[in-house]
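Reading through the structure tokens given below for one structure.
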Amino acid sequence: MKKLMSKAAAKLGRKFLSLSQILSQNQTQQTHKEIYLKDWFKDNGDKTLRLDYDDLNDKSIVFDLGGYEGQWSSDIFAKYCCTIHIFEPVENFYQAIRNRFSKNPQICVHDFGLANKDDEAFISVDGYNSSITRDVSGDVEKIKLKKALGFIEENSISKIDLMKINIEGSEYELLEHLIDSGVINMIKNIQVQFHEFVPNAENKMKEIHQKLSKTHNLKWQYYFVWECWEHKDLCIDQ
């Protein structure tokens, strides 16, 4: 009987050890993310790294994917006076941004998102967390999506100096489309926020990193916070 209890205790101990190891790994991963986030705020990244692009000027073209309230575009325009295309498919956010920049002809606001194909989708609306890839609220809205390559061709855009991507989980499919279609070659700077709630997010991000590294160099990165890629050939013709 004692031997049986000893064996059971040993097995149970192994289970507890395994669980302890798993918890330890999860805590370590969480700690790493918290460190990157703390570093981001310590470095004041939203007011420095996200706005500092020496090659931008009044002839530059910028894409803002996931405009929300338009603050990032406002800051970029104030600094460089460039042409900006804002893509915001949520109706209330779109209308607010449109009103905000109604007197500025250099900022074009679009009531759809860019994606890997022309489509319609349902988005869970929750401020800057609004997403079509997860349910974050009970408020759901039908939105329009346009194929990125199609929009670029229709508007005769030959280069994009900076593309900001914050589209709450849809960045993986979009970036795959930009890479596969060759559009990636005409984008000088890519500022993207990858989201870890997407299934297999880390592996997907690493696969995209590998593909991006063929045309772009990683300029800076705060893991699953923000990162920026710069084209290896910055002399992309207009």
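The values are calculated or read from the model by the stated rules, or taken from the named source; none is laboratory data. Fair warning: this is a prediction, and the values are worked out from it, not measured in the lab. Here Cβ is always computed from backbone atoms with ideal geometry, including for glycine, and neighbour counts include all displayed protein chains.
Being modelled with pLDDT under 65, part of a helix (DSSP H, G or I), β-branched (Val, Ile, Thr) and over 30 Å from His110 (Cα atoms), is that true of even one residue in the stretch 32-42? Scanning the stretch 32-42 turns up no residue that is modelled with pLDDT under 65, part of a helix (DSSP H, G or I), β-branched (Val, Ile, Thr) and over 30 Å from His110 (Cα atoms). Cβ-Cβ contacts under 8 Å between residues 6 or more apart (or on different chains), taken from a first residue in the stretch 146-159 that is on the phi > 0 side of the Ramachandran plot and surrounded by 15 or more Cβ atoms within 10 Å (Cβ to Cβ) to a second residue that is at pLDDT 95 or above and polar (S, T, N, Q), are absent. If we scan the stretch 188-202, do we find a residue that is in a helix (DSSP H, G or I), among the aliphatic types (A, V, I, L, M), without any contact (Cβ under 8 Å) to a residue 60 or more places away in the chain and more than 13 Å from Asn116 (Cβ to Cβ)? There is at least one residue in the stretch 188-202 that is in a helix (DSSP H, G or I), among the aliphatic types (A, V, I, L, M), without any contact (Cβ under 8 Å) to a residue 60 or more places away in the chain and more than 13 Å from Asn116 (Cβ to Cβ).
Within the option set Asp46, Asp52, Asp75, being acidic (Asp, Glu) and under 15 Å from the mean Cα position of the chain (by Cα) holds for one residue only, Asp46.
Just one of the numbered conditions (1) more than 25 Å from Leu56 (Cα to Cα); (2) modelled with pLDDT of 95 or more; (3) in contact with a Phe, Trp or Tyr (Cβ under 6 Å, 6 or more places away or on another chain) is not true of Asn203: (3).
Given the structure, is Trp220 in a strand (DSSP E or B), out of contact with any Asp or Glu (no Cβ under 7 Å at 6 or more places or on another chain) and either modelled with pLDDT of 95 or more or not basic (Lys, Arg) (or both)?
On the way: in a strand (DSSP E or B): yes; out of contact with any Asp or Glu (no Cβ under 7 Å at 6 or more places or on another chain): no; either modelled with pLDDT of 95 or more or not basic (Lys, Arg) (or both): yes.
So Trp220 does not fit the description; no.
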